[in-house]
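K.L.:
Sending over a structure as structure tokens; questions will come in a sec.
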Amino acid sequence: MLTLFKTKQDLANIFLIPYLILIRLSIFFSPAKVDIQTYGLLTDWMFNEINPNSFSGRFLALFLVFVQAVFINILANRFRFSRELSLLPGLFYCLLMSLTPEFLTLNGFVLGNTFVILALFFLLDIYKRNDRVANNIFSVGFWLGFACLFDYLYVFFFIWAIIGIVTLVRFNFKDILILLIGGFQAVFLFSVYLFYYDKLTPFFQDISQHFGWLNFYSGKVSSLFLKLGFCFSCLLFVLLMSGYIFRQQSLAIQKFLSILYVYMFVVGFGILFISKISVEEIMLLALPMCIMFTLIIQKLPSLFGEFLHLGIVVAALLLQFEFLLVK
């Protein structure tokens, strides 16, 4: 199956749709309802319009993941993360965003990841276009600010953006200020709307309730450790193998990969400070992991890569159909 996506033809992105349907088969078989643990005013507003556990909510999540996967393929090929141009980053993003039943519903991370991908594009573009550093930095801040409206955990991504700017360009207080102004503008524009409808005070109250310290979600825990173990096994494999891959890359790609490592560290750091930690937060790692997975697979023998991919797909489907397999 991987051979089908080892091409640089953009038209082949269309094959991601049947692939997503295959690895998300459970949405067509009355899957168990999932308690959504993401927070954000725009997320809450969307949930008032669409039930995240309904078929329409799950299908919208599938469509968003497809669009994000296409963006990731464009991003990965534009910045030449690999010498072999392919559509594998988008393929692995689709897979990583479908690992457990919690990932299949519409939630703040599925919505917010769209804007983080845009922020990453403008961040990496700084390295190629030094003549538009200020414009790109402002765009990074603006899209991250917009992502924060879907889940407040994204506020920690400003730390990632600051470190990324320093890594790619230099440390300049003016650049940091531009980044923060970009983020503030996105939130400010939405705050004006809230102020007009007298909803600004509940907005700040909602933010304060979202943060805590090592506060785990206390819902069903029957399969929690199994899901966490599966997800962290994938993460551990990527971290162990990517160290070997990192040393073989050019200086520019090493800088890009360093930004992805910082991305994962910031996610881990931010999770410590939110209330009701759950499985959904692992979805934030899908963006850096899909690119690293691609670099690893391209270095492995083709047959081994196919078996590894198939094994992850089978494990994900077993977790998704757990409600049928285990009574």
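K.L.:
List, largest first, the extents of the alpha carbons of region 119-196 along their principal axes, each in whole Å.
P.N.:
Per principal axis, max minus min of the Cα coordinates gives 40, 22, 21 Å.
K.L.:
From the P(r) of region 41-93, can you give the percent of Cα pairs sitting at distances over 12 Å?
P.N.:
Details: 942 of 1378 pairs.
Roughly 68 percent, once rounded to a whole number.
K.L.:
Could you give log10 I(q)/I(0) at q = 0.15, 0.17, 0.18 Å⁻¹ for region 42-171, computed by the Debye formula over C-alpha point scatterers of equal weight, without solvent?
P.N.:
Values, matching the q order: -0.77, -0.95, -1.04.
K.L.:
Mind checking the full-extension length gain between Trp45 and Ser250? Use 0.36 nm per residue of separation minus the Cα-Cα distance, one decimal, nm.
P.N.:
Values: separation 205, 0.36 × 205 = 73.80 nm, distance 4.45 nm.
So the chain would gain 69.4 nm between Trp45 and Ser250.
K.L.:
Between Ala315 and Leu85, what length comes free when the chain is fully extended (0.36 nm per residue of separation minus the Cα-Cα distance, one decimal in nm)? Walk me through the numbers before you get to the answer.
P.N.:
Details: separation 230, 0.36 × 230 = 82.80 nm, distance 2.78 nm.
Net length gain for the segment: 80.0 nm.
K.L.:
Highest mean first, how do 155-167, 106-118, 242-254 rank when packing is the count of other Cβ atoms within 10 Å averaged over residues?
P.N.:
On the way: 155-167: 21.2, 106-118: 23.7, 242-254: 13.2.
Most protected by this proxy first, the peptides run 106-118, 155-167, 242-254.
K.L.:
I would also like to ask the following. Compare the peptides 92-99, 181-188, 46-53 by average per-residue count of other Cβ atoms within 10 angstrom and give them in order, highest first. Write out the running numbers ahead of the final one.
P.N.:
Working: 92-99: 25.9, 181-188: 17.8, 46-53: 15.0.
The most tightly packed comes first, giving 92-99, 181-188, 46-53.
No lab work stands behind these numbers, since they all come straight from the coordinates. Computed from a predicted structure; not experimentally measured. So basically every Cβ, Gly included, is an ideal-geometry build from the backbone, and we count neighbours across all protein chains shown.
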